[in-house]
Amino acid sequence: MVSVQLPDGSRREFPAPVSVAEVAASIGPGLAKAALAGRIGRGEQARLVDTSFVIDGQDVPLAIVTDKDADGLDILRHSTAHLLAYAVKELFPDAQVTIGPTIENGFYYDFAYKRPFTPEDLEAIERKMAELAKKNEPVLRKVVPRDEAVAYFKSLGEHYKAQIIESIPPGEEVSLYSEGNFTDLCRGPHVPSTGKLKYFKLTKVAGAYWRGDHRNEQLQRIYGTAWATKEELDQYLRMLEEAEKRDHRRLGRELDLFHLDEHAPGLVFWHPKGWALWQQVEQYMRAVYRDNGYQEVKGPQILDRTLWEKTGHWDKYRDNMFTTESEKRDYALKPMNCPGHLLIFKQGIKSYRDLPLRYGEFGQCHRNEPSGGLHGIMRVRGFTQDDGHIFCTEDQILDECVAYTALLQKVYKDFGFEHIIYKVATRPEARIGSDESWDKAEHALMESLRRSGCDFEIAEGDGAFYGPKIEYTLKDALGRQWQCGTIQVDFSMPQRLEAEYVAEDGSRRTPVMLHRAIVGSLERFIGILIEQHAGALPVWLAPVQVVVANITDAQADYAREVAKTLQKQGLRIATDLRNEKITYKIREHSLQKVPYILVVGDKEKASGAVAVRARGNQDLGVMVLDAFIQKITSDIAQKL
């Protein structure tokens, strides 16, 4: 007798071994049709299996997975990645398949092919995928010895796939999945047949390196998305379309904010308007430092190799560091600011009365990111962090974290972000420090969020080897998530660099170091801001807050006088005195997303007033200049 326990607590018995599909059919035809896979076991021990998986035990916990489950959607996407590879092999038999995992909102598959895939190729591949899906071919699983699988893929000329299998220890078995004429290596599970795959779209093709190593061959990566319903697919594609309109790279060009150049890959050239935006963010954060007990410091860009060896970065992070040599000494451009702050802390004797001691720096860092991973100003090789480090005792961790969360919430709100996701990353298996210290640090982080009224997730084992952390993730106007802020508890680096303070009893003790950043990389955060506001930045951040435009040359002097008065109020002003129609000027500056356009004609000149147009084609009528100054000053004060 075979029996299964279902999630609702009911129990079903069968006279012989039974497949997951048969269990679903015994519950009802609707579930049998919807079943994509099964989940065997409970909690962390649960595992996903195909619907063909046979159960032959007593009281086996089983849940039927459908496309309404997160696991079900992941299985749909993974199976669609295989369908993509199937279609590519049908259309381009000489292409070699490599890997095809799921990613957030979709999947990709990497291919080696003799020429670049074109947009027309992608359209043909997508049509072929739909054709193959309609055949509703069964997806069949087979387990074979590792060496047999290697020989099989080599016989097909699939050398990349054979390499993957050769990395598996000899004597092991591997699972293969076949649909129609296509067979692929995969752990699974997969949908029972290709007919389950209905709502998908290929989105783009990009370059990728074999196994993610820039020293290896370059492959072609085809991205796609897949959903359970047409409505969900359409909604996601609309979001992608809106995201394309908001793309910071496109807006950076259109609004003349910055550019990237092949002479300096991964580094940003800021134009005057872009640098004005940068300065608003930096000066705002500088005021945050000043008003919350931080002392601003500045460390050097280049530090000796021996320091990076002491911190452990030379061994673990060497490939990501830019290095140089002078007078037979090795140096590295700093990839982070923390060692420099520790060296500053060590100057002079520190007492327990000096703690907590908060340092802040707009520290420029360099990391040798792979060229394939660079993305506009969101991921670069040279960036500036709003970096801060708090030196404190273990007893001060809780209070510092509570204060930091409140500060971070205010900053994000001022920049237009209301929704924050909180996550506590706890101790990994490989770690340093005593369990007592970890207990205290983790408790302090969690309790700080409770006291702040924040719901949070636990990311088990995701902490750094030296301490746990809180991750703060923003959700933007399109629902996308950006992990920006963090606070990390570090027991290790102060000890490695022999930082000490004099305790109340006169003994020498090692401080706890809290690494914290609110916006993180200023480059990345500005990119997020541009996309969040679709380039129409709030008045307080806008590079140009007001344009003063005359109707004819007769008002040119008055326009200059208005601009000069506004500049004296600390506003960022531009004038447009060109011999162009005023409608042309208004349209041009509207496309530049300037918050306010002030039009001056003979009537405005005679009365000392301005005709005010607000962004979004709003005609606010004629105002005396003092009234407009009062309005825009109020906007800025309210961070509008």
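The values are calculated or read from the model by the stated rules, or taken from the named source; none is laboratory data. Predicted model only: the values in this text are computed from it and were never measured. When we count neighbours, we look across all protein chains shown, and the Cβ atoms used for this are built from the backbone with ideal geometry, even at glycine. For the accessible areas, the whole protein counts, side chains as well, though only heavy atoms, and no ligand, DNA or RNA atoms are used. Shrake-Rupley method; radii C 1.70, N 1.55, O 1.52, S 1.80 Å.
Which pairs do you get when a residue that is open to solvent by 30 Å² or more (accessible area, probe 1.4 Å), found in the stretch 562-585, comes within reach of a residue that is among the acidic types (Asp, Glu), reach meaning Cβ atoms under 8 angstrom, with the pair 6+ apart or on two chains? As it stands, the answer is LEU577/ASP553; ASN579/ASP553, since those pairs meet every condition given. Restricted to the stretch 576-640, the set of helices (runs of 4 or more DSSP H) holding at least 1 residues that are under 19 Å from TRP540 (Cβ atoms) and modelled with pLDDT of 95 or more comprises 582-591, 625-637. Taken over the stretch 350-381, the criterion of being free of Cβ contacts under 8 Å to residues at least 40 places away in the same chain and charged (D, E, K, R) is satisfied by ARG353 alone.
Results for (1) open to solvent by less than 60 Å² (accessible area, probe 1.4 Å); (2) of a type in the set (D, E, K, R), shown as yes or no for each residue.
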| site | (1), (2) |
| --- | --- |
| PRO101 | yes, no |
| ASN105 | yes, no |
| ASP110 | yes, yes |
| ALA124 | yes, no |
| VAL144 | yes, no |
| GLN163 | no, no |
| ILE168 | yes, no |
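Condition first: of a type in the set (Gly, Ala, Ser) and either touching a residue at least 24 places away in the same chain (Cβ under 8 Å) or open to solvent by 80 Å² or more (accessible area, probe 1.4 Å) (or both). Now tell me which residues in the stretch 126-141 satisfy that. Selection gives ALA133 alone. What is the residue count in the stretch 438-468 for residues that are of a type in the set (Ser, Thr, Tyr) and either touching a strand residue (DSSP E or B) at 6+ places or on another chain (Cβ under 8 Å) or open to solvent by less than 20 Å² (accessible area, probe 1.4 Å) (or both)? Residues in the stretch 438-468 being of a type in the set (Ser, Thr, Tyr) and either touching a strand residue (DSSP E or B) at 6+ places or on another chain (Cβ under 8 Å) or open to solvent by less than 20 Å² (accessible area, probe 1.4 Å) (or both): 2 in total. Is it true that LEU83 is within 30 Å of VAL4 (Cβ to Cβ) and hydrophobic (A, V, I, L, M, F, W, C)? The answer is no for LEU83.
Within the stretch 338-386, take every residue that is charged (D, E, K, R) and within 19 Å of ARG318 (Cβ to Cβ) and give me the one that is modelled with the lowest pLDDT. Step through it out loud before you land on a result.
The initial filter retains those residues of the stretch 338-386 that are charged (D, E, K, R), namely 346, 350, 353-354, 358, 361, 367, 369, 379, 381, 386.
So of that shortlist, the ones also within 19 Å of ARG318 (Cβ to Cβ) come out as 367, 369, 381.
Values: ARG367: 93, GLU369: 88, ARG381: 95.
Per the criteria, the residue is GLU369.
The residue pairs whose first member lies in the stretch 536-555 and is without any contact (Cβ under 8 Å) to a residue 60 or more places away in the chain, whose second member is in a helix (DSSP H, G or I), and whose beta carbons are closer than 6 Å, counting only pairs six or more residues apart or on different chains, are VAL547/HIS589; ALA549/LYS585; ASN550/ALA556; ASN550/ALA559; ILE551/ILE582; GLN555/LYS605. Scanning the stretch 552-575 for residues that are of a type in the set (A, V, I, L, M, F, W, C) and in a strand (DSSP E or B) gives ILE573, ALA574.
Evaluate the stretch 483-498: report whether one residue or more is part of a loop (DSSP other than H, G, I, E, B), surrounded by 16 or more Cβ atoms within 10 Å (Cβ to Cβ) and modelled with pLDDT of 90 or more. Scanning the stretch 483-498, I find at least one residue that is part of a loop (DSSP other than H, G, I, E, B), surrounded by 16 or more Cβ atoms within 10 Å (Cβ to Cβ) and modelled with pLDDT of 90 or more, so the answer is yes. Quick one: is LEU48 under 40 Å from the mean Cα position of the chain (by Cα) and surrounded by 15 or more Cβ atoms within 10 Å (Cβ to Cβ)? Yes.
Counting the residues of the stretch 77-97 that are open to solvent by less than 10 Å² (accessible area, probe 1.4 Å) and either assigned to a helix (DSSP H, G or I) or among the small types (Gly, Ala, Ser) (or both) gives 11.
If the condition is being under 27 Å from the mean Cα position of the chain (by Cα), over 26 Å from MET378 (Cα atoms) and open to solvent by 40 Å² or more (accessible area, probe 1.4 Å), then the stretch 268-320 contributes only ASP315. Restricting attention to the stretch 302-332, the residues that are closer than 25 Å to GLY372 by Cβ and of a type in the set (Lys, Arg) add up to 2. When the residues of the stretch 421-437 are narrowed to those that are open to solvent by less than 30 Å² (accessible area, probe 1.4 Å) and either in contact with a Pro (Cβ under 7 Å, 6 or more places away or on another chain) or modelled with pLDDT under 95 (or both), which ends up farthest from GLY463 (Cα to Cα)? Residue satisfying both the conditions and the ranking: SER437.
Can you confirm whether the stretch 532-551 contains a residue that is in a helix (DSSP H, G or I) and open to solvent by less than 10 Å² (accessible area, probe 1.4 Å)? The answer is no; no qualifying residue exists.
For the stretch 170-190, residues that are touching a residue at least 60 places away in the same chain (Cβ under 8 Å) and either open to solvent by 60 Å² or more (accessible area, probe 1.4 Å) or outside any loop (DSSP other than H, G, I, E, B) (or both) total 5.
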